[in-house]
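Structure, as structure tokens:
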Amino acid sequence: MFSCCACFVSLREKCPRPHGLINLLITKACMLALLFGVLWAVTGKECLPGGKVFGIIIIFISAVLGGRLLGLVRLPHLPPIPPLLGMLLAGLVLRNVPYVTDAVAVDAAWSAALRNMALSVILARAGLGLDPAALRRLKAVCVRVAVGPCVMEACLVAVVSHFLLKLPWAWGFMLGFVLAAVSPAVVVPSMLLLQKEGYGTEKGIPTLLMAAGSFDDILAITGFSTCLGVAFSTGTTWMNVLKGLLEVVGGIVSGLVVGVFLCLFPSVDQEDLVMTRTFFLLAFSIFSVFFTHVIGSSGAGGLCTLVLAFLAAVGWGADKAAVAAMLARCWDVFQPLLFGLIGAEITIATLSISTVGLGIAVIILGLLVRLLATFVLVHCAGFVLKERLFIAIAWLPKATVQAAIGSKALDTARDEGNEAKIQFGLDVLTLAVLAILITAPIGALGIGLAGPRLLTRQVKASETGGGVTSQSVQDPVIFESRL
């Protein structure tokens, strides 16, 4: 026995060990193979081609690979392309390749359940990430940037889609709020890069956009939830509106009650505090989204999750950072599932050319109004012309919220079995996907290119040898190469 151990140690010391990229590739391949093997051992034929589990596994793996491959693309002097586009395209390709489609079929109920779980994680992260101090500090300008462009774009999209796409008014406003949400998955990383280099930090532009982005998303989700309740209600118009308002109130009140509970339990003297808090937060978030769907009040679930997460974050104070880190790891799993499954919902062969063309026109008109509204609303906030133009450009990209709630109406319509509403739901989802494909890369590249050219850079003391100074940067190549 001892001689065998000695031989093994000697062999280990003499043989070269794989490391770096080779080790990483072998490790990831073994993890994926082991995952598939375990699921096959548990589910049997469901994990083989054509089975429900097989389709989900392939979409997840393809989305991860698609995101990684697109993330490796580096164009000279340009910021990176958001990996979520690769995830979305991976699902889209799997859905529309002959023969592959049949083998990678995903049950509609399973797909909806997984996307709702991803929505719960997004909403919990959004509520947890709200910064009351930033809101108090930025005050009026933050509210204007968060509310004005979102509401104006939503209203214009509702009117245009009603006449161009023949959507009912409730569905038009639902589509408007789906398209009106800005994407934190694109804006926040871009703002952090600019903030790290000192661009716009003197006037707090990166902080403003990151804080306002959260409130913009909450407003869009609130408007969408209200319209969703109205669209699937029966009875008179006034009763439908009243039901939608009751769902909003019910979601907020429920969130307040659960949020207070999370502030008190578990107490800080308990073991595994972070793990327990994360479990409670995720469990309540997922339960809220699914339970309200079961009782026919889908609009209340999202609001309840946002409120309970925000209140819990206020009660936890600085300790919320550890919970947020664990939620971020959960999001690493659900993000490829969400975007991959959203892409897999679109069948290109069934799309109408007129719907796609008119949909792109609706999206472009909404973006133009959003640009103009943002530019005007920051006029009296102390920003110069270039800074106002940059804020307007940075307020364009859409991705995360569109993927999370874009299919919600379609899932609800499928549960009802109403063919007309299913078609409306497909139209909403199609435009949500088009908005992601159009605005996410344009927004990311626009922020990366416009930031160094339009914002004033605050140079750090280590770079000047003295105090902190501000200067206009004429050559943005250094910043772009770091991206």
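Observations, loosely collected:
- Residue list for the range 126-143, restricted to those being in contact with a Cys (Cβ under 9 Å, 6 or more places away or on another chain) and either at pLDDT 80 or above or over 23 Å from R388 (Cα atoms) (or both): V141
- Matching entry among L192, L208, L165 (being under 27 Å from S298 (Cβ atoms), more than 16 Å from the chain's Cα centre (by Cα) and hydrophobic (A, V, I, L, M, F, W, C)): L165
- Residue-level analysis places A211 among those that are in contact (Cβ under 8 Å) with a residue 12 or more places away in the chain and in contact with a Lys or Arg (Cβ under 9 Å, 6 or more places away or on another chain).
- Just one of the listed residues (F265, F261) is over 22 Å from A158 (Cβ atoms) and loosely packed, with under 14 Cβ neighbours inside 10 Å, and it is F265.
- Output for the range 268-294, where each listed residue is open to solvent by 70 Å² or more (accessible area, probe 1.4 Å), closer than 21 Å to A328 by Cβ and modelled with pLDDT under 90: D272
- Pair list, Cβ < 7 Å and 6+ apart or interchain, from the range 331-342 residues that are among the hydroxyl-bearing types (S, T, Y) to residues that are at pLDDT 90 or above: none
- Residues satisfying the stated conditions in the range 386-438, i.e. small (G, A, S), open to solvent by 30 Å² or more (accessible area, probe 1.4 Å) and touching a residue at least 60 places away in the same chain (Cβ under 8 Å): none
The values are calculated or read from the model by the stated rules, or taken from the named source; none is laboratory data. Please read all numbers here as calculations on a predicted model, not as lab measurements. Quick reminder, even Gly has a Cβ in these numbers, built from the backbone with ideal geometry, and neighbours come from all protein chains shown. What goes into the accessible areas is simple: the full protein's heavy atoms, side chains included, and nothing from ligands, DNA or RNA. Shrake-Rupley method; radii C 1.70, N 1.55, O 1.52, S 1.80 Å.
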